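Notes follow once the structure below has been shown.
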Amino acid sequence: MGRSISDNWCVYVLRCRNNYLYIGMTNNIEKRLKEHDNGTGSKFVRTWRPFKLVKVISCRDSTEARKLEYRLKRLKRDDKLRILEIEERNRKEDRGHFVGPNLLK
């Protein structure tokens, strides 16, 4: 039997305003990004919008996604950037390159 869309677990990384990183997990990335865009996804992202999706890591199941999310959140910022292969950006470079409200409409 094939995997349904609700089985597609992943960990994702958003770069928010002021270069903050947000790490989350979901089994429906499109729905979750819409929730963040609408301000209903998380208080952190709602506070630090706009955001840009910078990384998605596929996982076998919710257990693997939860463990990976936990390990990544415990890392220091420099370690997160290095491990996730995300380039550091300064605020001036990122102006105008973020996804704002109505991201997926």
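Observations
- Relative contact order of segment 5-88, pairs being alpha-carbon contacts under 8 Å that are 6 or more residues apart, as %: 34 percent
- Mean shadow area of segment 5-88, taken as a quarter of the surface of its Cα convex hull (nm²): 5.2 nm²
- Placing a pseudo-label 7 Å from each Cα along the Cα-to-Cβ vector at residue 34 and residue 84 gives an inter-label distance of 2.4 nm.
- In segment 48-92, a dipole from Cβ-located charges (positive for Lys and Arg, negative for Asp and Glu) runs towards its positive end, and of 48, 62, 86 it is 48 whose Cα lies farthest in that direction.
Just so you know, all these numbers are worked out from the coordinates, no wet-lab data involved. Every value quoted in this text rests on a predicted model; they were computed, and no experiment measured them. Neighbour counts are summed over all protein chains in view; Cβ atoms, including those assigned to glycine, are modelled from backbone coordinates with ideal geometry.
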